[in-house]
Amino acid sequence: MFGEVLGVLHVAGPAELATARATAAAQTAAGWRTGVLEPAALPDAALDDVDVVVLWGRRAAAGRDVVAGRRATVVVLGARDVRAVLTSPLRWARELRRTPRTNLLLVPAGLAERYTRWGPPVPLAHRPEGLPEPDAVTVLSAWTARAHAFGARPAG
């Protein structure tokens with residue numbers, strides 16, 4: 001997949017857990033070190049061998065508070081998650097506070113322009129469609145490698 005072997009920890013709640021597991025399995029098959037956790041287990045997780053934490057969904061995205069500045073962080077949101085952030089001032093404010101702890105936010109292509117216009121400023125890209133299909137996992141892995149290359153953003 002890529003020249004460097006990365007350690008990637010996928011954190012996902014029930015709605016995204018199957019996709020996260022299948023994505024992790026595909027990355028493992030490509031030679032990366034991967035793991036999958038539920039959000040409640042993140043605070044106790046050892047991150048020594050982890051290069052990037054991928055947080056799936058709004059619930060898991062709260063894990064940025066735990067990972068803050070220690071590891072590169074990618075947040076993968078679905079359409080429902082994005083709409084919830086954009087239509088709730090309280091969720092928007094929470095998201096704004098967490099943007100310094102986000103290396104990359106992946107949102108559905110149809111909502112990316114709307115998020116750019118109204119969402120908190122954060123490095124943004126399209127969530128690959130069709131996850132966990134191989135082509136989509138390759139794109140997600142490329143974004144993960146990019147987040148690692150640019151490094152963890154300091155807590156702040």
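The values are calculated or read from the model by the stated rules, or taken from the named source; none is laboratory data. All of these numbers come straight from a predicted model, not from anything done at the bench. Note that we place each Cβ from the backbone using ideal geometry, even for glycine, and neighbour counts take in every protein chain shown. Protein only, heavy atoms only, side chains kept; ligands, DNA and RNA dropped before computing areas. Shrake-Rupley method; radii C 1.70, N 1.55, O 1.52, S 1.80 Å.
For the reader, a short list of remarks on this structure follows.
- In this structure the amide hydrogen of GLY69, modeled in the peptide plane, comes within under 5 Å of the amide hydrogens of ARG153, ALA155, none closer than 5 places in sequence on its chain.
- If only the Cβ of Lys and Arg carry +1 and only the Cβ of Asp and Glu carry -1, the dipole of the chain around its Cα centre is close to 700 debye.
- Computed from phi, the 3J(HN,Hα) profile of the stretch 77-85 under the Karplus parametrisation 6.51, -1.76, 1.60 (θ = phi - 60°) reads 10, x, 4, 4, 5, 5, 4, 5, 5 Hz, with x in place of Gly and Pro.
- Residue-level accessible surface for SER141, protein heavy atoms, 1.4 Å, Å²: 0 Å²
- Convex hull (Cα only) mean projected area of the chain, reported in nm² to one decimal: 8.1 nm²
- The stretch 122-146 versus the stretch 1-47: alpha-carbon centroid distance in Å: 13 Å
- Estimated 222 nm signal from helices in the chain, with DSSP H stretches of n ≥ 4 weighted -39500 (n - 2.57), rounded to 500: -12500 deg cm²/dmol
- Summed side-chain charge close to GLY78 - residues other than GLY78 whose Cβ falls under 13 Å, Lys, Arg +1, Asp, Glu -1: +2
- Within the accessible area of the stretch 1-84 (1.4 Å probe), percent carbon and sulfur: 50 percent
- Put simply, the amide H of VAL36, placed in the peptide plane, has neighbours under 5 Å in HIS10, leaving out anything fewer than 5 places away on its chain.
- ³J(HN,Hα), Karplus 6.51/-1.76/1.60, whole Hz, each residue of the stretch 135-143, x for Gly, Pro: 5, 5, 5, 4, 5, 4, 5, 5, 5
- Per residue value of the accessible surface for the chain (all protein chains in place, 1.4 Å probe), Å²: 48 Å²
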